[in-house]
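To start, the structure itself, in structure tokens.
What follows is calculated from the coordinates using simple rules that are stated; it is not laboratory data. Note that the structure is predicted; figures quoted are calculated from it, not measured. Reconstructed Cβ throughout: ideal geometry from the backbone, glycine too, with neighbour counts over all protein chains shown.
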Amino acid sequence: MTTTLNTSSLLLEIGTEELPAIPFLAELPNIKDKFQKILKSHRLACEFDFFYTPRRLVLISPNFPQTQSAETLEFFGPPLNIAYKDNVPTPAALGFFKKCGIAENEVSTIMKEKREILYCQKQAPQTSAIHLLEEIIKEFLESLNFGKTMRWGNLKESFIRPISWILCLLDNKLVPLSLYGIKSKAQTFVHRNVSFESFDIQNTSNYFDILCHNGVILDPNKRKEKILTEIQEIEKTKDIKVEIDTELLQEIVSITEYPTALFGEFSEHFLEIPAPCIITSMKVNQRYFATYKENSLYHGFVVVSNSLTKDSKAIIDGNAKVLRARLEDALFFYHNDLKVGFEPKRLKEVTFVEGLGSMWDKTTRERKIVQILSQIFSQELTTIEPNLELANEIIDQAAMLSKADLLSEMVYEFTELQGIMGYYYAKSLHYDERIALAIKEQYLPNSEESALPSNLISALVALAYKLDNLMGLFSLAKIPSGSRDPFALRRAANGIIKIVLHFNLSFDLKILLEQLAPLYQSFNLTTLENFILERLDSVLNFNPSLLRAILATNERNLVQIFQKLTVLDSTLKNQDKHLLSQTFKRLANITKEVDLNSDLNIKEDKLLAKEEMELYQSFNACVLESCDYATRLNSLLKLSPILDRFFDKVLVNAPDEDFKNNRKHLIARIYKAFLEIADIKEISF
């Protein structure tokens, strides 16, 4: 029988000082889930909406349970022979009665695991929601993780910013709360341009009306929609295109209560500065959107104001003045950096990581790594630059100059421009375009959705950067554990895999790591090898057991691993997985004691049963040499029904030693042929 709970409307608003955007947005995806889990743990689960502005966190439910949902509690006690001695309750039984809150005559028994034990079933008490809300809200606020928190006044509690007011209405009646030194009131506060005074709230509808008519758009999606609509109007009016940076847009939504998009301009002569510098300066320092005309950066910007004033000119002029000062600094830095040029040896003054020397030492190691990689892929390099000597010189120069822009004033001001500024400086200083591009692309891919290096030269420089990070930090035992990965080594390993597969760079990972090992202090290379191989599972979307099966054969060529995975996945999809699994496991089990590296001779005169002769002939007919993996695998899989007949009719462990060895050698040769692709016993479906 279903019980319908009585429900009420709930309005909860936690008013704060302005919330900092970045830590708040990091926690934002978890906020609803956390409140939902807390409600569920208190047996008050319900649907609700969550809204926010920079000054408030708001939770609203039209159907909030008035009381906790019913719950049947079960208690399992000690077995009867332990609970009673001579029909007298033992301490174990008395403890059980106390835990359950019952008298001896209220206890019952139940059979569990073939033993009769003490048992108690009772209904949990159902407390009114109004008596639980303070505990729930406190638990909710304490669950939010914004990184750094602060204390204010004489409070022991801390939060991301001081809590200024609490509004909590249940069925339009104030719920008395006392949290973080604040007593709840049926009041809220509106946009500061309207009033600093509180407004009385009677109900949820009245709450929405007051905010709406006093400069607060509570719903972040509506604030976002307003910004985008106004930007579209600016694009039409000014005949420009506004670049919508999604991260910036989300940040602006989180710091405004009533956003208004406005268009401003700066002096055209600042466009001499490389576009990424202008865009970064506008985004990081001012939270402006960049604008374009005819696919080129335009000397305009869009600022989103949180002011309710109608004098937009004053706001635009004020923001343009601040931007002009920023761009004057950027122009000065840019000219200064060009005058100085590249001085990579000054990197000796910059520490990379303690124990790995300076950035110059890192650069030196990367030059040696690209030299090794250039030798491995010399043939591939000639497709980009037929003159191999020139190709090697270009790669060496790119590696040598790759970190030089770290010394520039521009990168000192905006660290996110490292590599990008190196590209512009290299072009202005008339270096080969491929050198400039390699400097720019050395950090790629730098995120899950990131682009990859655009050519092989850039790819080898990017590999050198990532390999040095991994080798160097693993040599210092700075290995990621759990969720901690301060040096982004998982991302580096993912990047290596993506580059290698994209450019089809066929090499043995184990051998390459051994070649690089002399550049670092001694450490267990297998640990790093396994770390990189483990990342295959997160980069490639395949049945994990297929990857395990391939790695079990000691295959360490990433390209070959990917090719084998693709073939295994597509081929096995069309097979009877249950039958294959049985056959594979039987094949593997029979060869456990056979040395696969020994001479697996088969004596044809010892093949007496027609099933073993059929298997022998069918295996010999398989096309296994000089074929692609798909052809070889399909040939071997066709042996499955023949193998099944063999296992059904032929006694492998024959009394005669010669017959037994002959049959085991035949099975071992088939298993060994599978091992050229994967260890079939590792595959699970």
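Just check region 446-533 against the gyration tensor rule for me: Cα atoms, a ≥ b ≥ c as the square roots of the eigenvalues, rounded for a/c under 1.5, and otherwise prolate or oblate depending on whether a/b exceeds b/c. Since a/c reaches 1.5 but b/c is at least a/b, the shape of region 446-533 is classed as oblate.
For region 16-98, the percent of C-alpha pairs falling in each 5 Å distance bin, counted from 0 to the bin holding the largest distance, reads 3, 11, 15, 12, 9, 8, 7, 7, 7, 7, 6, 4, 2, 1, 0. Give me the log10 of I(q) over I(0) for the chain at q = 0.07, 0.11, 0.12 Å⁻¹, as the Debye formula computes it from C-alpha points; what are the numbers? Log-scaled intensity ratios, in q order: -0.81, -1.17, -1.22. Need the C-alpha centroid separation for region 289-368 versus region 130-160, integer Å. Here the two parts' Cα centres lie 38 Å apart.
Label zone (residue 449, point 7 Å along Cα-to-C-beta; backbone nitrogen cut-off 19 Å) within region 219-263: 221, 224-225, 228, 242-254.
Fully extending the segment from residue 339 to residue 199, taken as 0.36 nm per residue of separation minus the present Cα-Cα distance, adds 44.4 nm. Which of the three applies to region 558-679, rounded, prolate or oblate, going by the alpha-carbon gyration tensor with a ≥ b ≥ c and a/c under 1.5 meaning rounded? Verdict is prolate for region 558-679.
Before anything else, pin down the relative contact order of region 182-268: Cα pairs under 8 Å, at least 6 apart, normalised by residue count, whole percent. Walk me through the numbers before you get to the answer.
On the way: 70 pairs, mean separation 21.6, N = 87.
It rounds to 25 percent for region 182-268.
Placing a label point 7 Å from the Cα of residue 313 along the Cα-to-Cβ direction, no residue of region 203-247 has its backbone N under 15 Å from that point. Among the GluC sites (Glu not before Pro) in region 119-204, those located in a DSSP loop and surrounded by at most 15 other Cβ atoms within 10 Å of their own Cβ are 157, 197. Segment residue 229..residue 63, full-extension length gain: 56.4 nm, with 0.36 nm per residue of separation and the alpha-carbon distance subtracted. Ratio of Rg to Rh for region 154-221: 0.99 [Cα atoms; Kirkwood radius as inverse mean 1/r over pairs]. One compactness figure for region 99-152 is 2.07, namely its Cα radius of gyration divided by 2.2 N^0.38 Å. Once backbone amide H atoms are built at 1.01 Å from N, residue 654 has 660 as its partners under 5 Å, excluding neighbours fewer than 5 places away on the same chain. Once the Cβ-Cβ distance of residue 554 and residue 657 is raised to the sixth power relative to R0 = 30 Å, the FRET efficiency obtained is 0.45. Size of region 245-388 from its Cα atoms: along the principal axes, largest to smallest, the extents are 66, 38, 33 Å. In order along region 345-358, phi translates into HN-Hα couplings of 5, 5, 5, 4, 7, 10, 6, 7, 9, 4, x, 10, x, 8 Hz, rounded to whole numbers, per the Karplus curve 6.51 cos²θ - 1.76 cosθ + 1.60 with θ = phi - 60° and x for Gly and Pro.
Placing a pseudo-label 7 Å from each Cα along the Cα-to-Cβ vector at residue 102 and residue 272 gives an inter-label distance of 8.9 nm. Projected label points at residue 599 and residue 113, each 7 Å from Cα along the beta carbon direction, are separated by 5.9 nanometres. For region 167-177, the Karplus equation 6.51 cos²θ - 1.76 cosθ + 1.60, evaluated at θ = phi - 60°, returns couplings of 10, 9, 10, 10, 6, 6, 10, 5, 8, x, 10 Hz by residue, with Gly and Pro reported as x. Report the calculated FRET efficiency for residue 172 and residue 143 (r = Cβ-Cβ distance, R0 = 22 Å), to the nearest 0.05. E(calc), rounded to 0.05, equals 0.20.
Once the Cα-Cα distance is subtracted from the 0.36 nm per residue extended length, the residue 6 to residue 37 segment shows a gain of 9.1 nm. Once the C-beta distance of residue 545 and residue 86 is scaled by a Förster radius of 51 Å, the resulting FRET efficiency is 0.30 to the nearest 0.05.
Sorted into 5 angstrom bins from 0, the C-alpha pair distances of region 316-358 split as 5, 18, 14, 12, 14, 12, 11, 8, 6, 2, 0 percent.
Equivalent-ellipsoid semi-axes for region 620-685 (Cα gyration tensor, √(5λ), whole Å, largest first): 24, 13, 12. For a bin width of 5 Å, list the pair-distance distribution of region 215-329 built from all Cα-Cα distances, rounded to whole %. Taking every Cα pair in region 215-329, the percentages come to 2, 12, 24, 24, 21, 11, 4, 1, 0. Sparsely packed loop sites in region 297-353 (the trypsin sites (Lys or Arg not before Pro) outside DSSP H, G, I, E and B with at most 14 other Cβ atoms within 10 Å) comprise 310. The alpha carbons of region 54-173 occupy a box of 68, 33, 26 Å along the principal axes, longest dimension given first. Using a simple spin-label model with pseudo-atoms 7 Å out from Cα toward Cβ, residue 94 and residue 346 lie 8.3 nm apart. Qualifying trypsin sites (Lys or Arg not before Pro) in region 156-211, where qualification requires a DSSP coil assignment and no more than 12 other C-beta atoms within 10 Å, comprise 156.
In this Cβ point-charge picture (+1 for Lys and Arg, -1 for Asp and Glu), the chain has a dipole of about 1440 debye about its Cα centre. Of all aspartates and glutamates in the structure, the ones whose alpha carbon falls short of 20 Å from that of residue 610, not counting any fewer than 8 places away in one chain, are 644, 648, 656, 657, 658. Over all projection directions, the Cα-based convex hull of region 126-192 averages an area of 5.9 nm².
Please report how far the C-alpha centroid of region 205-232 lies from that of region 61-97, rounded to the nearest whole angstrom. Spelled out, the Cα-based centre of one part sits 52 Å from the other.
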